[in-house]
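The values are calculated or read from the model by the stated rules, or taken from the named source; none is laboratory data. Keep in mind that what you see is a predicted model, and the values were worked out from it rather than measured. Here the Cβ positions follow ideal geometry from the backbone for every residue, glycine too, while neighbour counts run over all protein chains shown. To get the accessible areas, we keep the full protein, side chains included, count just its heavy atoms, and leave off ligands, DNA and RNA. Shrake-Rupley method; radii C 1.70, N 1.55, O 1.52, S 1.80 Å.
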Amino acid sequence: MGNDLEAICRVFRERDRFLIACHENPEGDAIGSELALALALRKIGKTATVLNSDPVPGNLLFLPGADTVRSEEDGSGYDVAVVLDCGSPERTGRVGAELRKCPLTVNIDHHLTNGRHGDYCLIDPEAAATGVLIYRVLAAMGIPVDRSIAVNLYVSILTDTGSFRYSNANPEAFRIAGEMIGHGVDPWGVSEKVYESQSRERIGLLGRVLSSLEFAGDGRIAAITTMRKDLDEFRSKKDSLEGFINYPRSIEGVEVAVSFREEGNDEFRVSFRSKGRVDVSRIAAGFGGGGHRNASGCSVPGPLPDAKRRVFEALGKALP
C-alpha cells in the first residue's frame with residue numbers, strides 16, 4: 001500500500017493548475033472520481049481540467065461536471081498531472097503525452113496491480129473504489145462535500161461495488177455512500193440514470209453479444225464476444241458494452257466470465273470477472289494487463305480462435 005496522503009494534500013493546497021485523467025474506456029468509478037476531485041479543487045480556487053482519451057459514457061452524462069470533460073488540452077500549462085483509477089501510465093491512452101508535460105504526477109488508485117508510477121502515490125487495494133480515496137483526500141483537506149461532489153462519489157462507489165453486491169462492498173463503502181445520501185443524493189434517481197436509461201440499440205447489441213455465449217473448462221468458464229461489426233450494426237460505441245460480462249458470470253456453475261472485444265489490428269480487449277475463487281488479476285498480468293482479484297483486463301493479439309485458446313488455457317490452469 002502506498003500512502004502519500006499528507007504529501008498529496010500539500011500538493012493540492014500549494015499548486016494551482018491540475019490536469020486530471022483516468023484510464024481509457026472509463027466507467028463510473030473513473031469518471032466519478034475525476035469529476036469529484038475537479039469540482040472540489042475548483043471550490044478552493046484551483047484550475048482543474050479533466051482530460052480523457054475517451055468520452056464520458058452516455059449513462060454518466062448526467063453527472064455534475066460531465067459537460068466539462070475535454071478530449072484535447074495542452075498539458076504544458078499545468079503544474080500537476082493527477083492520474084486516477086489507472087494501473088499504468090500507458091492506460092491513459094493518447095492523453096498520456098500531455099500528462100507527461102506536467103512537472104509533477106499524483107497517482108491515486110485502488111488496483112492491486114498499480115505500478116506506483118508518479119511522484120506521489122495513494123494506493124489502497126482495500127478501498128472499494130478510487131472514489132473512496134478521493135473522499136479521504138477531501139476529508140483530510142477539510143473541503144466540504146456539496147451535492148454535486150456527493151453524486152460523483154456515490155456513483156463511483158455504486159458502480160465499482162456492483163450496486164453494493166460485490167465482495168469489495170465493505171463497511172467504509174456503505175458509510176461513505178450513506179454520507180453522500182445525507183448530502184442530497186437520491187439513490188433511486190441515480191440508479192435509474194446509471195442502469196435504467198438504456199437505448200434500443202444497446203438492448204439489441206446485448207442480444208447479439210449474448211448469442212455468442214460459449215463455455216470452456218467443463219462449464220466453469222463462460223465467454224462472450226463482440227466484433228466491431230456488431231457495434232457498427234447497432235450504432236453503438238464500446239461504452240455500450242459496460243455490464244454485459246455480468247450475464248455470463250451469473251450463470252450457475254461458472255467461476256469466471258470472459259469478454260472478448262475486437263479492437264482492430266487483429267487485437268482483442270479481454271475482460272475477466274471472477275466469482276472469487278480465481279484471482280483473475282494474475283491471469284491478466286500474464287498477458288500484460290492487470291486489475292483486481294475479481295475484475296481485470298488485458299489485450300491479447302489475434303486471430304480470435306488463437307486468442308481464445310490462450311486465454312482459456314491460462315484460466316483452465318487457475319481453476320480450483
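What do you get for the angle between helix 130-141 and the principal long axis of the chain? Use alpha-carbon atoms, 0 to 90 degrees, nearest ten.
On a 0 to 90 degree scale, this one is about 10.
So for each of 14-24, 262-272 I average, over its residues, the number of other beta carbons within 10 Å; can you give me the resulting order with the highest mean first?
14-24, 262-272
Nearest 500 deg cm²/dmol is fine: what mean residue ellipticity at 222 nm does the chain get from its DSSP H runs of n ≥ 4 alone, each adding -39,500 (n - 2.57), divided by its residue count?
It lands at -11000 deg cm²/dmol.
Contact order normalised by length for the chain, with contacts defined as Cα pairs under 8 Å and 6 or more residues apart; what percent is it?
Values: 637 pairs, mean separation 44.6, N = 320.
Relative contact order comes out at 14 percent.
Can you find, among Ser250, Ser197, Leu41, the residue sitting farthest towards the positive end of the charge dipole of the chain, where Lys and Arg contribute +1 and Asp and Glu -1 at Cβ?
Ser250
Could you work out the relative contact order of region 113-168? I mean the mean sequence separation of Cα pairs under 8 Å and 6+ apart, divided by the number of residues, in percent.
Relative contact order for region 113-168 comes out at 37 percent.
Whose amide H sits under 5 Å from the amide H of Gly290, counting only residues 5 or more places off or on another chain, with H placed in the peptide plane?
For Gly290, the qualifying residues are Gly297.
So what's the angle, to the nearest 10 degrees on a 0 to 90 scale, between helix 5-14 and the longest Cα principal axis of the chain?
Value to nearest ten degrees: 50.
With the contact rule set at Cα under 8 Å and sequence spacing of 6 or more, what percent relative contact order holds for region 32-131?
Once divided by the residue count of region 32-131, the mean separation gives 23 percent.
How far is the Cα center of region 182-245 from the Cα center of region 124-167, in Å?
Spelled out, the Cα-based centre of one part sits 24 Å from the other.
Could you give the size of the charge dipole of region 2-112 about its Cα centre, using +1 on the Cβ of each K and R and -1 on the Cβ of each D and E, expressed in debye and rounded to the nearest 20?
Dipole magnitude for region 2-112 comes out near 380 debye.
If you place +1 on the Cβ of every Lys and Arg, -1 on the Cβ of every Asp and Glu, and leave all else neutral, what size is the dipole of the chain about its Cα centre, to the nearest 20 Debye?
280 debye
Over the chain, with every protein chain in place, what whole percent of the accessible area is carbon and sulfur at 1.4 Å, could you tell me?
Numbers: 6660 of 13890 Å².
Carbon and sulfur atoms account for 48 percent of the accessible area of the chain.
Using the 2.2 N^0.38 Å rule of thumb for compact globular proteins, work out how region 236-280 stacks up: its C-alpha Rg over that value, please. Display every interim value, and only then the final one.
Numbers: Rg = 11.8 Å, N = 45, 2.2 N^0.38 = 9.3 Å.
Rounded to two decimals, the normalised Rg is 1.27.
Which residues' amide hydrogens lie under 5 Å from the amide hydrogen of Thr105, considering only partners 5 or more residues apart or on another chain, with H built in the peptide plane?
The answer is Ala81, Asp119, Tyr120.
Accessible area per residue of the chain at 1.4 Å probe, in Å²?
43 Å²
Could you work out the Rg to Rh ratio of region 174-224, with Rh taken as the Kirkwood radius (inverse of the mean 1/r over all Cα pairs)?
On the way: Rg = 17.8 Å, Rh = 14.2 Å.
Dividing the radius of gyration by the Kirkwood radius yields 1.25.
In whole Hz, what ³J(HN,Hα) sequence does region 30-41 give by Karplus (6.51, -1.76, 1.60; θ = phi - 60°), x for Gly and Pro?
4, 5, x, 5, 4, 5, 4, 5, 4, 4, 5, 5
Would you please give the residues with an amide H less than 5 Å from that of Phe268, counting only those at least 5 places away or on a separate chain, with H modeled from the backbone geometry?
For Phe268, the qualifying residues are Glu263, Val300, Gly302.
Which aspartates and glutamates, if any, have their Cα less than 13 Å from the Cα of Lys275, not counting same-chain residues under 8 positions apart?
Cross-link targets: Glu252, Glu255.
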